[in-house]
1. For the stretch 204-219, indicate whether the set of residues that are open to solvent by less than 10 Å² (accessible area, probe 1.4 Å), touching a Ser or Thr at 6+ places or on another chain (Cβ under 9 Å) and within 30 Å of G91 (Cβ to Cβ) is non-empty.
2. Give the residues of the stretch 381-437 that are of a type in the set (S, T, N, Q) and open to solvent by less than 20 Å² (accessible area, probe 1.4 Å), sorted by residue number.
3. How many residues does the stretch 104-138 contain that are of a type in the set (K, R) and touching a strand residue (DSSP E or B) at 6+ places or on another chain (Cβ under 7 Å)?
4. I'd like the full set of residues that are acidic (D, E) and modelled with pLDDT of 95 or more, limited to the stretch 20-55.
5. Which ranges mark the helices (runs of 4 or more DSSP H) fully within the stretch 381-461 that have 1 or more residues being away from the ligand (no atom under 16 Å from the Cβ)?
6. Within the stretch 542-567, restricting attention to residues that are touching a residue at least 40 places away in the same chain (Cβ under 8 Å) and of a type in the set (D, E, K, R), which residue is least open to solvent (accessible area, probe 1.4 Å)?
7. For residues in the stretch 61-72 being among the hydrophobic types (A, V, I, L, M, F, W, C) and outside any loop (DSSP other than H, G, I, E, B), which is surrounded by the most Cβ atoms within 10 Å (Cβ to Cβ)?
8. Could you check I280 against (1) open to solvent by 40 Å² or more (accessible area, probe 1.4 Å); (2) over 25 Å from R175 (Cβ atoms) and say which number it fails?
Amino acid sequence: MCGIVGYVGPSQAPTILMDGLKRLEYRGYDSAGIAVHDGNRINMLKAKGKLINLAEKLKENPVKGTLGIGHTRWATHGAPSDINSHPQLSGDSVIAVVHNGIIENYLDIKEELSQKGYKFVSETDTETVAHLIDFYYKSGMGFFESVFKTLERIEGAYALGILCKDYPDTLIAARKNCPLVVGKGQGENFIASDIPAILHHTRDVYFLDDNEIAVIKADSIKIYDRNQNEVQRDIYNVKWDIDAAEKGGYEHFMIKEINEQPKIIQDLVERRMPEGRDTIDMSGIKLRKENIQNLSRIYIVACGTAYHAGLIGKSLIEKLTRIPVIADVASEFRYRDPVLDEKTLLIVVSQSGETADTLEALKMAKRSGARVMAVVNAVGSSIAREADDVFYILAGPEISVASTKAFTAQVVAMELIALSMAQELGKFSTEQFNKIKEEIYSVPSSISKILQKSSVEKALAEKYSGSSNVFFIGRGLDYIVSMEGSLKLKEIAYLHSEAYAAGELKHGPIAMIDENTLVIAVLTQEELFEKTLSNIKEVKARGAKVLAVAMEGKSEFKGEVDDVIYIPRSSWMTAPILAAVPAQLFAYYVAYCLGTDIDQPRNLAKSVTVE
Ligand code: AGP
């Protein structure tokens, strides 16, 4: 999605902005631009395509100045083009604006301003913001008041960085439903839509809340609420290192993040289930026995990969607590009038903590009196701040658009939440708990074993990368892993792939199976093994190639399949985590063979902050 960076201080802003934008590239974008105040005027450079195009323009037409804003745009209103890129300027370059999000009522405002003589050159909603600020400013209001007045008028979601020609020392930032942080440096300050953009300059950040405005100069940061009252905000010190947001010798962020999984899960498990403790440390969660006993239902709501982690959570919570759980994608949940009341718990799952549909589902549930628990990676994100209870997975920054380490950490988190709830309800003994604990503790080393043998997935990817049609099949938790494997293959390898509950094949999709189809069958759930095996025989009989993912020691079915990827033996609960890793590796290596843009796949953005 779009990225914002802004700077005010003693250094040359263009260098800092270009470097910040480079670090935001992973979010996905199709054009970029910067606006720099040179003390007298605002100079702007914009270019369609990758940052290199903007860098070349900058080389040809160097701009100088110590105050500036930069943007990477992922087109929503108007095609990717130089004109539609941000910053957007008011007609005579008095106001410059960069914007993430969508202004929903921009057409009404555009109409109103057009009647006042304002000329629009782009198709963007953002240009309306620049002109509206300009309108109030020229009506006699100060810069700050004009921005404030404009924010009262606009509806929708925004993170904004704003400059005014007459204020060569001031950067204004504002947010509503879109992430924005203000970075505090020594004699210099920053804004960014995402921490990695500024982390090599400062670790001290302020998270803006919705409807807040920050007025930022080189030596001061003032934050105001919607009533123009100054608010005091604690500084958050970012704990993770910039190395976490660098490739560290790997060719892609995706493979780096796949390889980080053992360590992340080990840290998560040791943090929440330290040695010697026979309960789970649920710091951040205030949900207690009486709250859980009082629940009539639980919803788990998320998007994409996080939804798949939620589906696994649904199975586990239902199985261990016997409380009914409904899992739903956030974009559907929001609009289907779900039953929500004080006896409902909504669990939202989100890596970024900024996904628009998930955030709106959360707000809707809260308005209905439901309690909301969030399983989130990004500390201080909107979802984390809105939820009643937060379970941080602390997987570090996930840069690759394809989510890998966040997924497995989310699944572990769901397991711990399910276990903790079941324990609160007295559903199992300390002995049973310790057995499960031991199984979860073995996950990091089992993943390491899978990673050590990644040449298996690489060779299979080379063998099957020419497939034009891939089906993932499985039953129960294996079906959910299939959904995740299929999503990975689609999003980074652009291969047509579908996940089907193996038992559903006969109800339609088997008609698609022929000798050009690759079927990837996941069979880690012991009691469902024979059932899925019979589905394998059905597709095999129709000419499909079959690649199975199964536990070590399961060799009796080898005659029925073309290839097998083995994962270490594990329990029904932990097997989905392990089975997800070969699926990630397979997708990665297929994409590698096909030469796609693995970390920034086409048409996709890292965090989806629009509906
Ligand atoms: C995963 O590979 C995807 N890129 C995507 O489905 C993602 O999981 C989804 O957009 C949800 O994001 P979130 O976890 O940040 O809310």
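The values are calculated or read from the model by the stated rules, or taken from the named source; none is laboratory data. These numbers come from a predicted model, not from an experiment. A quick note on method: Cβ atoms are made from the backbone with ideal geometry, for glycine too, and the neighbour counts reach across all protein chains shown. Heads up: the accessible areas ignore ligands, DNA and RNA and are worked out on the full protein's heavy atoms, side chains in. Shrake-Rupley method; radii C 1.70, N 1.55, O 1.52, S 1.80 Å.
1. Looking through the stretch 204-219, at least one residue is open to solvent by less than 10 Å² (accessible area, probe 1.4 Å), touching a Ser or Thr at 6+ places or on another chain (Cβ under 9 Å) and within 30 Å of G91 (Cβ to Cβ).
2. Once the filter is applied, which keeps residues that are of a type in the set (S, T, N, Q) and open to solvent by less than 20 Å² (accessible area, probe 1.4 Å), the stretch 381-437 yields S381, S382, S400, S403, T404, T408, Q410, S420.
3. Here the count works out to 0.
4. D38
5. Helices (runs of 4 or more DSSP H) meeting the threshold: 405-424, 430-441, 443-452.
6. Restricting to residues being touching a residue at least 40 places away in the same chain (Cβ under 8 Å) and of a type in the set (D, E, K, R), the top hit is D563.
7. That would be I69.
8. I280 satisfies all of (1) open to solvent by 40 Å² or more (accessible area, probe 1.4 Å); (2) over 25 Å from R175 (Cβ atoms) except (1).
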